[in-house]
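**Q** Below you will find the structure I want to go over with you.
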Amino acid sequence: MAMNPQQQGIIINEIQKAQTPQEGDKKSKYIEAKDVWVRKITIRRTIKEGFFMVLGIFSAGFGLKGFLIPNELIDGGVMGISLLTNKETGFPLPLLIIVINLPFILLGWKQISSLFCIKSIIAISLLALVVAVFPYPIVTNDKLLVAVFGGFFIGAGIGLCIRGGGVIDGTEVLAIFLNRRSSLSVGDFILLFNISIFSVAAYLLSVETALYSILTYIAASKMVDFILEGIEEFTGVTIISPSTEEIANFIKEKMGRGLTVYSGKRGYGKRGDTYTNTDIIFTVVTRLEISRLTSEIEKIDPNAFVVMQSINDTRGGMVKKKPFHK
């Protein structure tokens, strides 16, 4: 039976429709591909952060057992409190590292994130285990070398653990918590905290021991800054991406941070004479939050253009007012 042109047209349209993927299929394939990409990024990031933390733990353990503990010097922060308490009471150092750090890390559950808290608890527990059982050699008894290189290895350990998304010393968590409730900077709190520790050390041990311990703390602080590539207490982050809305929602809703969205233009080509309109996100976070932010940006848009710059301090806004929550 012959078909007229209209019938033939209807049949051809139906065949083409059947061969063309539907919009829902395209969306489901896109979502599936994105889920696979996010899983790959998560696994890769987890391995990288785990490597940093393990390396940091062994470095800090070497600084403690290879330099400070045999020569009766201390460091600043919670580690310094643990060493000083160990010397005065004889209480086991591995247990002190866990017990004294625990309140500070639990404080970070609300101030930073639950994931940060879990990572830090694992890192501190592993550091205590390494200090308890790993047989580090005693490198030297020269107090100047002990102070410099003990601080070097402890600072490297702290910096690497921060790069891994956690901490092995809870001092900065307390400083960030107090900073959000006063006008003093994070650096001011850490300085006052350590002045108190070294003053007690000078009274209980000796002035000479306290002075060498201050040198240890300075060496550790400089090494932390070096490992973190100069990242200060606050970091300004500029993000240019087509996925502006999704990234902005993460910063606002998941990180609890304020942000500013600028309207700008992107330039393309060798001469940059082709422009398209784009939104530009600017936000300020603490250095303990950088790992989570960059990881999430990479999941949302691996080609996003991200610029970071160090900021010594901030005033107002949501950096100090609203706690980090999961």
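The values are calculated or read from the model by the stated rules, or taken from the named source; none is laboratory data. What you are looking at is a predicted structure, and each value in this text was computed from that prediction instead of being measured. Methodologically, a virtual Cβ is constructed for each residue, glycine included, from the backbone with ideal geometry; neighbour enumeration extends over all protein chains shown. With ligands, DNA and RNA removed, areas are computed over all heavy atoms of the protein, side chains included. Shrake-Rupley method; radii C 1.70, N 1.55, O 1.52, S 1.80 Å.
**Q** So how much slack lies between Trp37 and Ile138, counting 0.36 nm per residue of separation and subtracting their Cα-Cα distance, in nm?
**A** The Trp37-Ile138 span can extend by a further 31.7 nm.
**Q** Next question. What order do you get for 36-49, 76-89, 121-134 when each peptide is scored by the mean count of other beta carbon atoms within 10 Å, highest first?
**A** 76-89, 121-134, 36-49
**Q** Rolling a 1.4 angstrom probe over the protein heavy atoms, how many square angstrom per residue are accessible across segment 102-162?
**A** Per-residue accessible area for segment 102-162 comes out at 45 Å².
**Q** Shifting gears a bit: I'd like the FRET efficiency for Ala202 and Leu102, computed as 1/(1 + (r/R0)^6) with the beta carbon distance as r and R0 of 35 Å, rounded to 0.05.
**A** 0.80
**Q** Sticking with this one: Within segment 238-258, find all residues whose amide N lies under 19 Å from a label point positioned 7 Å from the Cα of Thr278 along Cα-to-beta-carbon.
**A** Once the point is set 7 Å along Cα→Cβ of Thr278, 238-251 turn out to lie under 19 Å by backbone N, inside segment 238-258.
**Q** What full-extension length gain, to one decimal in nm, is calculated for Thr294 and Val54 as 0.36 nm per residue of separation minus the Cα-Cα distance?
**A** 84.3 nm
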